[in-house]
Amino acid sequence: MLHRHCVAAFIGCLALFTGTALVVADLASAEAALKEKGLVRQGTTFVVAEEADLTKAMVDLRKVQTDMSKASKDLEKVEKKVSQIKGYIAGKEFELRKLNEELAKPGITAAKNNELIAKMNIIEDDIKKITQGPLKATQGDVATANDAFIKARQVFIDKTVAMGTLAEKIKAKYDALVKDADVAKALEEVEKESQQKKATLGPSSVCKANITLVERNNKSILSESIPVKVENDVPMVDVIINGKTRRSMVFDSGASSVSVPWDLAKDLNMIPSSDTPKIRLQLADGKIVEGWQMTLKSVTVGPFTVENVECAVLPEDLIAAEPLLGGSFLSHFVYKLDLKSQKLDMTKVKSPGEK
């Protein structure tokens with residue numbers, strides 16, 4: 001009697017053990033099927049492996065954004081310093097003009113004449129020292145800071161575009177997996193055999209948030225190919241100045257500023273006055289001329305507009321001078337000129353809050 005009870009108990013235990021083994025086998029089979037579809041388990045959710053790549057890329061992008069922000073602040077800092085030095089020089093140049101006016105007055109005595117010339121010499125020497133010393137050094141700092149900012153912005157653009165491609169790949173994978181009957185069946189089996197709450201297909205909440213951020217970042221990047229005319233091996237770009245005046249300008253990435261010839265300045269009602277700051281300019285042939293530093297209300301190329309663009313107004317005697325599209329506009333963009341295809345690829349990153 002006792003023997004029969006033991007046998008029955010043994011058979012019951014064997015059945016229970018065998019049943020459990022079958023359950024494990026079915027669960028393992030279902031999870032293996034999901035793994036073959038490129039899915040990995042996160043709790044009760046099965047996600048594509050690329051989610052981890054997107055998360056890592058998002059961490060990298062945050063660092064890049066921090067680097068770009070720092071580079072931008074560094075550039076603003078040195079640009080402000082240059083502006084302050086130029087302001088000081090402009091003040092000294094104003095003093096010189098006043099002394100010149102006094103020197104030109106009739107009936108001035110020899111003693112007064114000598115006194116004025118001595119003062120002018122001191123001011124001119126001061127301007128020369130400031131120009132060749134602090135201003136030159138700080139302008140070098142601006143060039144270095146600008147290069148660092150352009151590089152950081154290019155890295156941000158490259159990574160954002162790459163993340164956009166990855167996000168689209170992830171979305172496409174989930175779209176296909178949702179329609180896959182084998183995936184649905186395997187998920188049902190996992191839920192049934194593991195006796196847990198519903199087994200679900202991703203994306204995970206983290207991935208959804210990351211994709212939203214990626215799409216937002218991609219919307220902040222504007223890219224456009226601008227037609228370029230090449231005349232005698234010189235690239236020319238159509239530009240709209242101050243929202244109404246259209247001109248063809250020489251694309252000159254080596255020029256630090258936009259250059260405006262006298263006739264164009266006249267059309268724009270931008271004739272320099274006696275109070276307009278003067279600047280020295282080096283032409284392409286190496287010649288040094290004196291021009292005026294002024295500001296254009298806006299410069300537009302294709303869909304891109306930059307407001308308050310610093311420019312150099314050229315002297316009236318440079319009759320054949322061409323307007324130049326230089327660094328004071330181009331520094332706002334990442335660009336690539338392709339003379340063979342006659343196009344200028346321009347990319348701009350929107351500032352936060354910019355429409």
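The values are calculated or read from the model by the stated rules, or taken from the named source; none is laboratory data. None of these values were measured; they are calculated from a predicted model. Glycine gets a Cβ as well: all are built from the backbone with ideal geometry, and neighbour counts include every protein chain shown.
Data for the structure
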{"quantity": "Which numbered condition residue 246 misses (of (1) of a type outside the set (A, V, I, L, M); (2) part of a strand (DSSP E or B); (3) touching a residue at least 24 places away in the same chain (Cβ under 8 Å))", "calculated": "(3)"}
{"quantity": "Among the candidates 279, 240, 226, residue that is assigned to a strand (DSSP E or B) and within 30 Å of residue 61 (Cβ to Cβ)", "calculated": "226"}
{"quantity": "Neighbours by Cβ (under 8 Å, 6+ apart or cross-chain): first from the range 211-240, free of Cβ contacts under 8 Å to residues at least 24 places away in the same chain and under 13 Å from residue 252 (Cα atoms); second small (Gly, Ala, Ser) and surrounded by 12 or more Cβ atoms within 10 Å (Cβ to Cβ)", "calculated": "236/248"}
{"quantity": "Residue in the range 45-60 that is basic (Lys, Arg) and either within 30 Å of residue 334 (Cα to Cα) or touching a helix residue (DSSP H, G or I) at 6+ places or on another chain (Cβ under 6 Å) (or both) present", "calculated": "yes"}
{"quantity": "One residue from 175, 182 being free of Cβ contacts under 8 Å to residues at least 24 places away in the same chain, more than 30 Å from residue 317 (Cβ to Cβ) and not assigned by TED's automatic domain parsing to the domain that holds residue 326", "calculated": "175"}
{"quantity": "Residue within the range 161-177 that is modelled with pLDDT under 90 and either surrounded by 12 or more Cβ atoms within 10 Å (Cβ to Cβ) or of a type in the set (Gly, Ala, Ser) (or both) present", "calculated": "yes"}
{"quantity": "Every residue from the range 341-355 that is modelled with pLDDT under 90, in a loop (DSSP other than H, G, I, E, B) and of a type outside the set (Asp, Glu)", "calculated": "350, 351, 352, 353, 355"}
{"quantity": "Residue 33 vs. criteria surrounded by 14 or more Cβ atoms within 10 Å (Cβ to Cβ), part of a helix (DSSP H, G or I) and either of a type outside the set (Ser, Thr, Tyr) or at pLDDT 90 or above (or both)", "calculated": "yes"}
{"quantity": "Residue satisfying condition, being more than 28 Å from residue 332 (Cα to Cα) and touching a residue at least 24 places away in the same chain (Cβ under 8 Å), within set 101, 79, 93", "calculated": "93"}
{"quantity": "Failed criterion for residue 183 (all others in (1) part of a helix (DSSP H, G or I); (2) among the hydrophobic types (A, V, I, L, M, F, W, C); (3) over 30 Å from residue 28 (Cα atoms) hold)", "calculated": "(3)"}
{"quantity": "Test result for residue 136, out of contact with any Lys or Arg (no Cβ under 9 Å at 6 or more places or on another chain) and in contact (Cβ under 8 Å) with a residue 12 or more places away in the chain", "calculated": "no"}
{"quantity": "Any hit, the range 233-242, residues being modelled with pLDDT of 90 or more and of a type in the set (Asp, Glu)", "calculated": "yes"}
{"quantity": "Residue identified as closer than 29 Å to residue 131 by Cβ and β-branched (Val, Ile, Thr) among 289, 237", "calculated": "289"}
{"quantity": "Criterion: exposed (fewer than 15 other Cβ atoms within 10 Å of the Cβ) and either of a type in the set (Phe, Trp, Tyr) or farther than 20 Å from residue 328 by Cβ (or both) - qualifying residue of 248, 220, 205", "calculated": "205"}
{"quantity": "Odd one out for residue 290, checked against (1) in a loop (DSSP other than H, G, I, E, B); (2) loosely packed, with under 15 Cβ neighbours inside 10 Å", "calculated": "(1)"}
{"quantity": "Only one of 86, 119 that is among the charged types (D, E, K, R), at pLDDT below 90, over 27 Å from the mean Cα position of the chain (by Cα) and surrounded by 15 or more Cβ atoms within 10 Å (Cβ to Cβ)", "calculated": "86"}
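The rows are residues; the columns are (1) touching a residue at least 60 places away in the same chain (Cβ under 8 Å); (2) touching a Gly at 6+ places or on another chain (Cβ under 9 Å); (3) hydroxyl-bearing (Ser, Thr, Tyr); (4) assigned by TED's automatic domain parsing to the domain that holds residue 335.
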| site | (1), (2), (3), (4) |
| --- | --- |
| 268 | no, no, no, yes |
| 272 | no, yes, no, yes |
| 293 | yes, no, no, yes |
| 296 | no, no, no, yes |
| 302 | yes, no, no, yes |
